[in-house]
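Below: the structure, in structure tokens.
The values are calculated or read from the model by the stated rules, or taken from the named source; none is laboratory data. On a predicted model such as this, the values are computed, not experimentally measured, just so you know. With ideal geometry, Cβ positions are generated from the backbone for all residues, glycine too; neighbour counts draw on all protein chains shown. These area figures cover heavy atoms from the full protein model, side chains too; ligands, DNA and RNA do not enter into them. Shrake-Rupley method; radii C 1.70, N 1.55, O 1.52, S 1.80 Å.
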Amino acid sequence: MWNRNSSTLELPPLESVQHLEGKGNWAVKKYYEWPYSFFYQQKLRMILKILDDYRPFYWNILDFGSGSGILKPELSKRCMTLKSVNSTKEMNYYSMFESVVCGSVLEFCELSRTIPIIKSVMKRGSILCIASPMKTPISELYFRSIGDNKERNHHKSIVEYVSTYLHVTSYTEWHGLYFSIGAILE
């Protein structure tokens, strides 16, 4: 089981996910290369903290926008069944999940459509865990410096949409770069 005091994350071996570099919005190598790894892995820790604070173990977790599967090793330790999808088109609307994880995905989604779909696959009492980059001058400067000019939803818009459908129980910011939300379906 994951040690809450450990700063080490179990990531998939780079060679198993490296072929996905540059496809979609995935910056696979940045999870492994210093100094980026320090920041990118912080986002993953924020998600895991929400999961661990809410419950020690889950029957099932949906990793929505799973991309390269960077969170798969850590999420697998926390549930019996892990389902990974990259879009709402891949979702099975007959499945219900105890937790849905969204790591760096909602900033690219049409929120008014995506949040209700995510809610529709959540069981009552389940938790939605979100961690994404904030839209701040410092994050904008970083993205420009690495040539990433993708349009992103503002973190305040994500919080607003989520709070319309779920009860936000935690909100954390990390140095103006990342934010996380824990939200429960009541």
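Rounded to the nearest angstrom and ordered from largest down, what semi-axes does the equivalent ellipsoid of region 83-173 get from its C-alpha gyration tensor (root of 5λ)?
Values for region 83-173, descending: 25, 15, 11 Å.
Enter the accessible area of Trp59 (Å², nearest 10), with the probe set to 1.4 Å and all protein chains included.
Here the residue's solvent-accessible area equals roughly 150 Å².
Once phi is turned into θ = phi - 60°, what whole-Hz ³J(HN,Hα) does the Karplus curve with 6.51, -1.76 and 1.60 give for every residue of region 49-65, x standing for Gly and Pro?
Whole-Hz 3J(HN,Hα) from phi for region 49-65: 5, 4, 4, 5, 5, 7, 7, x, 7, 10, 5, 8, 9, 9, 9, 8, x.
Restricting the count to DSSP beta bridges whose residues both fall in the chain, what percent are antiparallel, rounded to a multiple of 5? Intermediate values should be presented prior to the final figure.
Working: 14 of 30 bridges.
The antiparallel fraction comes to roughly 45 percent.
List the residues whose amide H sits under 5 Å from the amide H of Ser170, counting only those 5 or more places along or on another chain, with H placed 1.01 Å from N in the peptide plane.
Here the answer is Gly182, since their amide H atoms fall under 5 Å of that of Ser170.
For the chain, what is the calculated [θ] at 222 nm in deg cm²/dmol (nearest 500), taking -39500 (n - 2.57) for each run of four or more DSSP H residues and dividing by its residue count?
-9000 deg cm²/dmol
Just the accessible area for Thr8, please: 1.4 Å probe, Å², rounded to the nearest 10?
100 Å²
How many nm separate the modelled label positions at Lys89 and Glu173, each set 7 Å beyond the Cα in the direction of the Cβ?
Rounded to a tenth, the inter-label distance reads 3.6 nm.
log10 I(q)/I(0), Debye, Cα-only the chain, no solvent, q = 0.08, 0.13 Å⁻¹?
Each listed q maps to, in turn, -0.23, -0.63.
May I ask you to compute the full-extension gain from Phe57 to Phe38, defined as 0.36 nm times their residue separation minus their alpha-carbon distance, rounded to one decimal in nm?
4.2 nm
For the chain, set up a GNM with springs between Cα atoms under 10 Å and report which of Met80, Met134, Met122 has the largest fluctuation.
In this elastic network of the chain, the residue with the biggest mean-square fluctuation among Met80, Met134, Met122 is Met80.
Students sometimes get this wrong: rank Lys43, Lys49, Lys150 by accessible area, probe 1.4 Å, all chains present, largest first.
Values: Lys43 10, Lys49 115, Lys150 90 Å².
Of Lys43, Lys49, Lys150, the descending order of accessible area is Lys49, Lys150, Lys43.
Shape of region 91-140 from its Cα gyration tensor (a ≥ b ≥ c, root eigenvalues): rounded if a/c is under 1.5, otherwise prolate when a/b > b/c, or oblate?
The shape class here is prolate.
Report, in whole Å, the centroid distance computed from the Cα atoms of region 118-186 and region 32-109.
A separation of 13 Å, based on Cα centres.
Using 0.36 nm per residue of separation minus the Cα-Cα distance, give me the extension gain between Arg124 and Tyr142 in nm, one decimal.
2.7 nm
Enumerate the amide H contacts of Ser126 below 5 Å, restricted to partners 5 or more residues apart or on another chain; note that Pro and chain-start residues carry no placed amide H.
It is Leu185, by chain and number.
How large is the dipole of region 33-186 about the Cα centre if only Lys and Arg carry +1 and Asp and Glu carry -1, each at its Cβ, rounded to the nearest 20 debye?
The calculated dipole for region 33-186 is roughly 260 debye.
Rank His154, His167, His175, His19 by accessible area, highest first, at a 1.4 Å probe radius?
From most exposed to least exposed: His175, His19, His167, His154.
Please report the equivalent ellipsoid semi-axes of region 121-174, computed as sqrt(5 x eigenvalue) of the Cα gyration tensor, largest first, in whole Å.
Taking √(5λ) for each Cα gyration eigenvalue gives 27, 11, 10 Å.
Restricting everything to alpha-carbon atoms, can you work out Rg to Rh for region 9-108 with a Kirkwood hydrodynamic radius?
So for region 9-108, dividing Rg by the Kirkwood Rh gives 0.95.
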